[in-house]
Amino acid sequence: MKDEMPVLINLLAIARYDQMPDYPIQFMTVGKLQTLRDGEMILRYQESQPGDEDGPATTSDITLHLTPKRVTMERTGDFHNTMVFSKGQRFEGIYSTPYGDMPMAVFSREATARYDGGRGSVHLKYDLEFQGALASTNELHLEFFQEDKGGKAEMSHEKADQ
């Protein structure tokens, strides 16, 4: 097992709701990557979402346990839950909010995680249900890059030339 190393994270999440426009969220942040045995990894970062007009922003700590074909996402903070993504599989759990708990489920259409030479990616496509009803169809595209000693992202020459 290796120590945690700093990474830069670029995340794009898209929620698609019935009869509503897509709801994309995109942000960049820093995180920590820990490499475990057999190619498994733990990626940790924090995300904040603005509150409504009167409320404060909500902050969540995100932990992703990554294997090539399975991603487990644990969210702790104001809103917390655990979701497991594995292509063709359904996972049921509880989504806890300051307003109460709700049964939730995810059905994974795609779940991949890759890591090679200081950079990696996570791609998820899934249906999200709350209390037995389809809430949204979602995509998550996350890329992460190790920082070099100068605090810059380590990028391949192929990407740097674009």
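The values are calculated or read from the model by the stated rules, or taken from the named source; none is laboratory data. Computed from a prediction, not measured in an experiment: that's the story for all the values here. As a convention, Cβ positions derive from the backbone with ideal geometry for all residues, glycine included, and neighbour counts pool all protein chains shown.
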Completion exercise
The residue that is farthest from Leu36 (Cα to Cα), considering only those in region 72-113 that are in contact with a Leu (Cβ under 9 Å, 6 or more places away or on another chain) and charged (D, E, K, R), is Arg109
Practice task
Find all pairs meeting these conditions: Cβ atoms under 7 angstrom apart; at least six residues apart or on different chains; first residue within region 20-37 and closer than 16 Å to Phe145 by Cβ and modelled with pLDDT of 90 or more; second residue assigned to a strand (DSSP E or B) and basic (Lys, Arg).
Solution key: Gly31/Arg44; Lys32/Arg44
Exercise for the section: Would you confirm whether any residue within region 148-161 is under 19 Å from Thr35 (Cβ atoms), modelled with pLDDT under 95 and part of a strand (DSSP E or B)? Expected result: yes
